[in-house]
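Engineer: What follows is a structure written as C-alpha cells; I'll ask about it next.
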Amino acid sequence: MRLSRYFLPVLKETPREAQIVSHRYMLQAGMIKQASAGIYSWLPLGFKVLRKLENIVHEEQAKAGHIAMLMPTLQSADLWRESGRYDGYGEEMLRMQDRHGRDMLFSPTAEEMFTDVFRANVGSYKDLPLTLYQIQWKFRDEVRPRFGVMRGREFLMKDGYNFDLTKEDALHAYNRHLVTYLRTYERMGLQAIPMRADSGPIGGDYTHEFLVLAETGESEVFYDSAVTDIRMGERDVDFDNHDQCQAIMDEFTSLYARTDETHDADLFAKVPADRQRTARGIEVGQIFYFGTLYSEKLGAVVDDGKGGKAAVHMGSHGIGVSRLLGAIIEASHDDKGIIWPEGVTPFHCGIVNLKQGDNEADAACQSLYDSLTALGLEPLYDDRDERAGAKFGTMDMIGLPWRVTVGPRGLKNGVVELTSRRTGDNEELPPEQAVARIADIYRGIS
Ligand code: ATP
Ligand code: MG
C-alpha cells in the first residue's frame, strides 16, 4: 500500500478523552473513531489488525476441530425466555421491539442460540463431540464504557460452545480450549495467564480467565511468578488425546494464579515468598464448563447409545477479540507509539523515501515494494512529499515492527537502512539483503 493512496487519519494532537495509552494510540494512529459511548467505527488500520486477530483465532480453532459459523446479532426474546435469561440478564442486555411489537434483543452472548441450533439438528451421541463457534459483534450496555475498545458496549467476541455426551468429554473440550487459547495469545505476541475465576451467573465449577498483565488492567491478580515462565511454544498437540490436553491444563493451572474474586490469602501464603506477586491484569478470554444447565432448560437431548436419552454436557468459551487490540498495545508500546508484534502487524514493514521525487530514490523504493509484495508481504510505502521527521513520526506511531529507509546518500553506497521499531537498531545493507531479511523474519509467521 502506498501511503498517499491509503486512508490513515493520524491525529496531530493528543486526544484528551483517552485515559490509557492503548486508547490514546488507537485514536492517534487513526485506527478507530468513537461513534457514541462505547461504540467505535473501525478505520482501515484498526480494521486490518482486527482481521488479523480474527484469522489467528480461526486458525487455532480449526486445529482443534472446532467449527466456525455465524449467528444473528438481533435475537428473539422468546428463546431467552426459555432459558430464563431474558429477565435474568439485567441492564446490560439491550432490549428492543420490532414493528409488530415483538421483543428482541442484541445478543450479549449466545448460549441460547447455539443450543437451539444444536437441539434442532442433533439427536444422537454419534454426532458428538461437537464444538461450534463464531466471531461476532456483541452488545452489552455497560454502565461505564471506557478505555476505548477495552470496555466497549459493542465489541467483537469469539464465542464457542461445546456439546458432549459425558462430563469427561466436556472437560476434555474445556482443556482443548485452554490449549487453543494459549496458542492464540502467544501468536499475538502476548502472554495471557490462565487464572482460576469465579463462575458468576453462568454457574458451574470450572472456569478460568486469561489475563494479560498490565498496569492499566481492571482486575487485581495474585500469582506465583513461576507461572510466567511457562509457554506453549511450538509443541505438537494431539487434540484428541485427553491425557495430553489434561497434562497441559495441569502444567498451566496448578501454580497459584487467581483474580481478586477467587483469591485465597491462606493458599497464596504457601507460595514461596520471593515468588508471590500482586499485579493488575486485562481479561482477554474465559472458558467455562457448566454441565447440563442450558441443555436441560432448552431440551438439548441426544440418544445416549444405551437406549436412553441424555442432556448434553456443555461449556462456553470466549475471547475478547476487539479488546485484544487494546491489550496488545498496553503490552507493547513506547513513548513514540505502538510496537506491533510481528504476528499481528497491519503491514509487515514500512518503506520511507527520504527524497520523494528523486529518480533514484523513487526507483529504489518501488523496487523494494515490488520485491516484498512478490514474496507475499505487505509493505506500507510512505511516498508522501513530507519531511523525513514527519514520516518517521508516523511510522513510529503506527508501530510497524520494521522500517526500510531509502535516501540518495545511502543509495550512492548501494545501501538502505533497516530499523527495528522495538530495539531501534539500525543496519545498513543492500536492498536485496533487506528484502531477504524481512522475508526471513516473517517466515512461518503469516
Ligand atoms: P468483564 O469481566 O471484563 O466485564 P466478562 O467476564 O463479562 O468480562 P465474558 O462473558 O467472559 O466477559 O466474555 C468473554 C470475553 O469478552 C472477555 O474475556 C473479554 O475479553 C471480552 N469482553 C467482555 N466484555 C467486554 C466489553 N465490554 N468490551 C470489550 N470486550 C469485552
Ligand atoms: Mg469473563
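Any read-out appearing in this document is the output of simple, stated calculations on the displayed coordinates, not a laboratory observation. Remember, it's a predicted structure, so these values are computed and weren't measured experimentally. Cβ coordinates were reconstructed from backbone atoms using ideal geometry, including for glycine residues, and neighbour counts include every protein chain displayed.
Engineer: Determine, for each peptide in 121-130, 177-186, the mean count of other beta carbons within 10 angstrom over its residues, then list the peptides with the highest first. Provide the component values of the computation, followed by the final result.
Structural biologist: Numbers: 121-130: 15.0, 177-186: 24.4.
So the peptides 121-130, 177-186, ranked by packing, come out 177-186, 121-130.
Engineer: Using mean Cβ contacts within 10 Å as the protection proxy, how do 45-54, 225-234 order, highest first? Could you put the intermediate results ahead of the total?
Structural biologist: Numbers: 45-54: 19.5, 225-234: 13.4.
With the highest mean Cβ count within 10 Å placed first, the list reads 45-54, 225-234.
Engineer: For the chain, give the share of DSSP beta bridges that are antiparallel, in percent and rounded to the nearest 5; count only bridges with both residues there. Don't skip to the answer; put the middle values down first.
Structural biologist: Values: 71 of 84 bridges.
DSSP beta bridges in the chain are roughly 85 percent antiparallel.
Engineer: Here's another thing I want to ask about it. Explain nothing, just compute: Karplus ³J(HN,Hα) = 6.51 cos²θ - 1.76 cosθ + 1.60, θ = phi - 60°, for every residue of segment 33-44 in order, whole Hz, x for Gly and Pro.
Structural biologist: 9, 5, 9, 7, 3, x, 10, 10, 8, 9, 6, x
Engineer: Starting from the Cα gyration tensor of segment 136-233, take the square roots of the eigenvalues, sort them a ≥ b ≥ c, and report rounded, prolate or oblate (rounded when a/c is under 1.5, otherwise prolate if a/b is larger than b/c, else oblate).
Structural biologist: Oblate, because a/c is 1.5 or more while a/b does not exceed b/c.
Engineer: Compute the relative contact order of the chain as a whole-number percentage, counting only Cα pairs closer than 8 Å that sit 6 or more residues apart in sequence.
Structural biologist: Computed over the chain, the figure is 16 percent.
Engineer: May I pose another question? Send over the semi-axes of segment 42-122's equivalent ellipsoid, whole angstrom and largest first, taken as the square roots of 5 times the C-alpha gyration tensor eigenvalues.
Structural biologist: Equivalent-ellipsoid dimensions as semi-axes: 28, 19, 11 Å.
Engineer: Further question on the same structure: Once you have all Cα-Cα distances for segment 77-153, histogram them in 5 Å bins from zero and send the whole-percent values.
Structural biologist: Calculated P(r), rounded to whole percents: 3, 12, 20, 19, 18, 13, 8, 5, 2, 0.
Engineer: May I ask for the net charge around I329, where only other residues with Cβ less than 12 Å from the Cβ of I329 are counted and Lys, Arg are +1 while Asp, Glu are -1? Mind dumping the intermediate values first?
Structural biologist: Working: positive: R24, R323; negative: E330, D334.
Overall, the nearby charge balance is 0.
Engineer: Still on this structure: Would you mind ranking R421, R5 so that the residue whose beta carbon has the fewest other beta carbons within 10 Å leads the list?
Structural biologist: Sorted ascending by nearby Cβ count, the order is R5, R421.
Engineer: Would you mind checking the radius of gyration and Dmax of the chain based on alpha-carbon positions, in Å?
Structural biologist: Calculated on Cα positions, Rg and Dmax stand at 24.3, 83 Å.
Engineer: Would you mind classifying segment 329-446 by shape? Square roots of the alpha carbon gyration tensor eigenvalues, ordered a ≥ b ≥ c; an a/c under 1.5 is rounded, otherwise it is prolate if a/b is larger than b/c and oblate if not.
Structural biologist: Judged from the Cα gyration tensor, segment 329-446 comes out oblate (a/c at least 1.5, b/c at or above a/b).
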